[in-house]
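Q: The following block contains the structure, expressed as structure tokens.
The values are calculated or read from the model by the stated rules, or taken from the named source; none is laboratory data. Everything quoted here is computed from the prediction, not taken from an experiment. We place every Cβ from the backbone using ideal geometry, glycine too, and count neighbours over all the protein chains shown.
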Amino acid sequence: MGTQSTDVDHDRLITGIAVALAGCAVVLTVLAFVYNLAILAVAAGLGAAAYFMWYQASGRLATRIYQSVEKRARQNNGRERARTRETGGFGAGPREEWTAPGGRGGQGRQRAGQQGQRQRQRQRRRPPSANDGPSRSEAYRILGLDTDADDAAVKRAYRQKVKEVHPDTDGGDEETFKKVNAAYERLT
């Protein structure tokens, strides 16, 4: 019920306000031709406000923004990819899983979702390389466990080890902390 119901009510409210503004614009346009043409300026303002509110409530604004972001991401894909992969940060573009606000959008959002899903599947199928962190046996050793330890033991050992080596604690070490995290990721 929560978010989707609220979005629908919000869109109906904005559409209702847009219709009321459009009605006022029509009435003022008629009055402008009957009484004074200066009223036409107010009617034009109300008409513009009605159009922009309808444009937002119909979802076309969100779709247009999403398509613009997608287009920029495709243009920057080659130039930005190497730099942003390492740093993240400003100008990185949308993530593959990103969807337009309110669940709107057209085929562009659907395509991006499918591309993200394919990329995640490729990552799952990729065999581990030497750069992916410790091997399973090294991970058990880093956490101080036997190779036959169950998931609960791995979790307990991880939590204890993280408390000991966290960089914010006395005697903590960032490199060791990273190794403990990599070991836990390997085992889970």
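Q: For residue 161, which of the numbered conditions (1) in contact with a helix residue (DSSP H, G or I) (Cβ under 8 Å, 6 or more places away or on another chain); (2) modelled with pLDDT under 90 fails to hold?
A: For residue 161, the exception is condition (2).
Q: May I ask you to list the residues in the range 159-183 that are assigned to a helix (DSSP H, G or I) and acidic (Asp, Glu)?
A: 164, 174, 175
Q: Please state which one of 120, 125, 156, 136 is over 30 Å from residue 10 (Cβ atoms), exposed (fewer than 15 other Cβ atoms within 10 Å of the Cβ) and either of a type in the set (A, V, I, L, M, F, W, C) or modelled with pLDDT of 90 or more (or both).
A: Exactly one of 120, 125, 156, 136 is over 30 Å from residue 10 (Cβ atoms), exposed (fewer than 15 other Cβ atoms within 10 Å of the Cβ) and either of a type in the set (A, V, I, L, M, F, W, C) or modelled with pLDDT of 90 or more (or both), namely 156.
Q: Give the residues of the range 1-30 that are farther than 13 Å from residue 51 by Cα, surrounded by 11 or more Cβ atoms within 10 Å (Cβ to Cβ) and at pLDDT below 90, sorted by residue number.
A: 7, 8, 10, 11, 12, 13
Q: May I pose another question? Could you check residue 144 against (1) surrounded by 10 or more Cβ atoms within 10 Å (Cβ to Cβ); (2) modelled with pLDDT under 90; (3) at positive phi and say which number it fails?
A: (2)
Q: Against the condition free of Cβ contacts under 8 Å to residues at least 40 places away in the same chain, hydrophobic (A, V, I, L, M, F, W, C) and loosely packed, with under 14 Cβ neighbours inside 10 Å, how does residue 48 come out, does it pass?
A: So residue 48 passes the test.
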